[in-house]
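The values are calculated or read from the model by the stated rules, or taken from the named source; none is laboratory data. This one's a predicted model, so the numbers in the text were calculated from it and none came from an experiment. Heads up, the Cβs are rebuilt from the backbone with ideal geometry, glycines too, and the neighbour counts pull from every protein chain shown.
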Amino acid sequence: MKYIENKLSLDGVLFNDIYLKYSTPVYVYSQKAIHNNLESYMEKIDDGDLICFSVKSSNNLEILKTISSKGAGFDVVSSGELRKVIHIGADVNKIVYSGVGKTKEDLIFAVKSKIKSINIESLSELKVLVEIVKEIDIVANIALRFNPETSSETHPYLDTGSSGSKFGIPKNEINECLKIIEKQKNINLKGLAFHIGSDIKDFSYFQKALQVMLEKIKYLNIEEHIEFLDVGGGLAIKYFDNDEVLSIQEFVTKVKALVPEKLNLIFEPGKSIIGNAGYLLAKVLYKKSNILLIDAGMNDHIRVPLYNAKHQILPVKKHIFTDQSFKIAGPVCESADIFDHDFHYELDEGELLVIGSSGAYGFSMSSNYNARLRPPEVMISNEKIKLIRRRETFNDFISEEVGLE
Ligand SMILES: Cc1ncc(COP(=O)(O)O)c(C=O)c1O
């Protein structure tokens with residue numbers, strides 16, 4: 001994103017032109033940035049390692065196709081996500097399925113789809129799977145997702161690897177899981193997995209979790225039996241230019257340095273692939289004292305109220321930075337619907353602004369709250385604007401409701 005003659009642009013396309021074509025609010029993605037981020041992972045991994053894009057961060061079919069075409073696989077957490085990646089023709093041998101609450105139907109669908117790994121998150125889930133593979137006489141490839149029980153410094157809602165977390169198999173259930181697997185001819189234990197959370201800046205948290213996992217592998221004496229270690233996602237991104245984060249290349253290099261060569265690695269990045277490749281373009285509707293009310297709300301983009309996140313927001317027409325502080329608020333009837341408490345550009349009604357780092361957990365967490373229709377998504381590819389999801393219509397919105405004869 002940069003200013004060309006005082007007008008904000010992305011990959012050679014002016015945000016104002018996107019507005020003229022698709023109005024606001026609208027999500028905008030850079031295909032080039034997605035490719036670059038993926039490439040940064042790909043160039044540091046070895047044959048046998050795998051990048052599985054975390055579909056929960058963004059599940060637009062065109063984006064998934066873009067990612068798949070570069071050789072990456074997918075990490076899914078629901079049958080819906082699995083269906084989406086199968087729909088775009090993803091290689092099933094590059095799909096892993098995490099998720100704490102898979103239903104019996106989800107598990108049957110995953111087993112029948114012959115994916116690379118079902119990442120089991122509890123002893124109870126394993127027992128359900130055992131019954132399924134017996135019933136339908138089919139082989140399931142699995143990994144056990146352990147909870148390393150090493151907390152990390154991130155927002156509590158983004159921490160998934162602490163003791164007591166609902167994610168992953170707790171220490172006291174692991175031995176029992178292995179005993180069950182040993183007796184099952186239809187269950188192949190292919191690997192171990194963990195995911196400690198999101199937005200993690202400090203590598204020492206990944207290091208601690210990796211050490212716990214490697215010790216576990218030794219202690220359980222399964223080094224010779226498993227093929228891979230799935231290290232999850234969670235690498236933080238820069239929301240502002242002076243944020244200090246590890247580059248993707250540094251991160252992968254550091255992980256690889258800790259893991260024995262014979263263990264293949266699976267990475268499940270979401271935010272570090274799509275976060276800084278996506279933007280939310282919005283318009284100022286009203287000015288009320290120091291509040292700028294915009295036409296995008298927390299239903300479109302919930303990260304700020306949900307995680308207390310801070311996103312860079314820039315005016316589409318270049319303005320000077322002022323001493324005056326403004327709030328940027330959405331139209332949703334909730335006091336939490338605020339995008340920024342300290343914005344320093346004095347915009348007029350009708351002016352456009354761009355909320356940065358919005359590609360991950362932006363559209364994918366959007367809702368119809370306040371009966372608001374969800375925004376369209378466009379992708380910039382070779383300096384062209386491509387519509388990849390049309391704006392939702394009122395008919396789309398009411399189409400599932402029944403009973404009003
Ligand atoms: C199991 C799993 N893998 C990968 C990710 C992706 O994390 P991130 O987007 O922070 O890279 C998540 C997100 O929470 C997750 O739950």
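How many residues does the stretch 343-357 hold that are more than 27 Å from the chain's Cα centre (by Cα) and either acidic (Asp, Glu) or crowded, with 20+ Cβ neighbours inside 10 Å (or both)? Let's see the steps before the verdict.
Residues of the stretch 343-357 that are more than 27 Å from the chain's Cα centre (by Cα), as a first pass: 344-351.
When the remaining residues are screened for being either acidic (Asp, Glu) or crowded, with 20+ Cβ neighbours inside 10 Å (or both), the result is 346-349, 351.
Summing the residues that are more than 27 Å from the chain's Cα centre (by Cα) and either acidic (Asp, Glu) or crowded, with 20+ Cβ neighbours inside 10 Å (or both) in the stretch 343-357 gives 5.
Taken over the stretch 358-372, residues that are within 12 Å of the ligand (Cβ to nearest atom) and hydroxyl-bearing (Ser, Thr, Tyr) amount to 2.
Does at least one position in the stretch 281-300 carry a residue that is assigned to a loop (DSSP other than H, G, I, E, B), in contact with a Cys (Cβ under 6 Å, 6 or more places away or on another chain) and at negative phi? No; the residues of the stretch 281-300 include none that is assigned to a loop (DSSP other than H, G, I, E, B), in contact with a Cys (Cβ under 6 Å, 6 or more places away or on another chain) and at negative phi. For the stretch 175-206, give me the residue count where each residue is under 23 Å from the mean Cα position of the chain (by Cα), closer than 18 Å to ASN119 by Cα and part of a strand (DSSP E or B). Within the stretch 175-206, residues that are under 23 Å from the mean Cα position of the chain (by Cα), closer than 18 Å to ASN119 by Cα and part of a strand (DSSP E or B) number 4. Would you say SER79 is crowded, with 18+ Cβ neighbours inside 10 Å, closer than 17 Å to GLY233 by Cβ and among the hydroxyl-bearing types (Ser, Thr, Tyr)? Taking the combined requirement at face value, the residue does not satisfy it.
Being touching a Leu at 6+ places or on another chain (Cβ under 7 Å), at pLDDT 95 or above and assigned to a strand (DSSP E or B) holds for only one residue in TYR19, TYR27, and it is TYR27.
For every residue, the table says whether it meets (1) away from the ligand (no atom under 13 Å from the Cβ); (2) within 17 Å of LEU265 (Cα to Cα); (3) touching a strand residue (DSSP E or B) at 6+ places or on another chain (Cβ under 9 Å).
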| position | (1), (2), (3) |
| --- | --- |
| SER124 | yes, no, no |
| LYS127 | yes, no, no |
| ALA143 | no, yes, yes |
| LEU158 | no, no, yes |
| ASN172 | yes, no, no |
| CYS177 | yes, no, yes |
| LYS183 | yes, no, no |
| ILE187 | yes, no, yes |
| TYR205 | no, no, yes |
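Within the stretch 289-299, does at least one residue satisfy the condition of being under 20 Å from the mean Cα position of the chain (by Cα), within 16 Å of the ligand (Cβ to nearest atom), assigned by TED's automatic domain parsing to the domain that holds ARG391 and within 26 Å of TYR369 (Cβ to Cβ)? No.
Here's the yes/no breakdown for (1) among the aromatic types (Phe, Trp, Tyr); (2) closer than 23 Å to LEU265 by Cα; (3) outside the structural domain of VAL252 (by TED's automatic domain parsing):
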{"position": "LEU50", "(1), (2), (3)": "no, yes, yes"}
{"position": "SER54", "(1), (2), (3)": "no, yes, yes"}
{"position": "GLU62", "(1), (2), (3)": "no, no, yes"}
{"position": "SER69", "(1), (2), (3)": "no, yes, yes"}
{"position": "PHE74", "(1), (2), (3)": "yes, yes, yes"}
{"position": "SER78", "(1), (2), (3)": "no, yes, yes"}
{"position": "LEU82", "(1), (2), (3)": "no, yes, yes"}
{"position": "ILE88", "(1), (2), (3)": "no, no, yes"}
{"position": "LYS94", "(1), (2), (3)": "no, yes, yes"}
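Conditions (1) more than 13 Å from the ligand (Cβ to nearest atom); (2) surrounded by 19 or more Cβ atoms within 10 Å (Cβ to Cβ); (3) under 19 Å from SER364 (Cα atoms); (4) over 21 Å from the mean Cα position of the chain (by Cα), marked per residue:
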position: LYS271; (1), (2), (3), (4): no, yes, yes, no
position: LYS310; (1), (2), (3), (4): yes, no, yes, no
position: LYS317; (1), (2), (3), (4): yes, no, no, yes
position: PHE326; (1), (2), (3), (4): yes, yes, no, yes
position: CYS333; (1), (2), (3), (4): yes, no, no, yes
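Only residues that are assigned to a strand (DSSP E or B) and more than 20 Å from the chain's Cα centre (by Cα): list them for the stretch 147-174, please. Give the derivation first.
Applying the first criterion (assigned to a strand (DSSP E or B)) to the stretch 147-174 yields 159, 169.
Answer for the stretch 147-174, where residues must be assigned to a strand (DSSP E or B) and more than 20 Å from the chain's Cα centre (by Cα): just ILE169.
Looking only at residues in the stretch 130-168 that are touching a residue at least 40 places away in the same chain (Cβ under 8 Å) and farther than 30 Å from ILE200 by Cα, the one that is surrounded by the fewest Cβ atoms within 10 Å (Cβ to Cβ) is ASP137.
Taking the listed residues GLU81, GLU105, the one that is of a type in the set (D, E, K, R), in contact with a helix residue (DSSP H, G or I) (Cβ under 6 Å, 6 or more places away or on another chain) and within 30 Å of LYS127 (Cβ to Cβ) is GLU81, with no other qualifying. Kindly check whether there is at least one residue in the stretch 238-250 that is away from the ligand (no atom under 15 Å from the Cβ) and outside any loop (DSSP other than H, G, I, E, B). Looking through the stretch 238-250, at least one residue is away from the ligand (no atom under 15 Å from the Cβ) and outside any loop (DSSP other than H, G, I, E, B). Among the residues of the stretch 276-284, none qualifies, meaning not one is over 18 Å from PRO375 (Cα atoms) and surrounded by fewer than 21 Cβ atoms within 10 Å (Cβ to Cβ). When restricted to residues that are part of a helix (DSSP H, G or I) and either under 20 Å from the mean Cα position of the chain (by Cα) or surrounded by 12 or more Cβ atoms within 10 Å (Cβ to Cβ) (or both), the stretch 358-397 contains 7.
Residues that are in contact (Cβ under 8 Å) with a residue 24 or more places away in the chain: which strands (runs of 3 or more DSSP E) entirely in the stretch 32-128 hold 3 or more of them?
Values: elements: 50-54, 73-76, 95-97, 117-120.
Qualifying strands (runs of 3 or more DSSP E): 50-54, 117-120.
The residues of the stretch 207-233 that are away from the ligand (no atom under 12 Å from the Cβ), in contact with a Gly (Cβ under 7 Å, 6 or more places away or on another chain) and not in a loop (DSSP other than H, G, I, E, B), listed by number, are ALA209, PHE228, LEU229.
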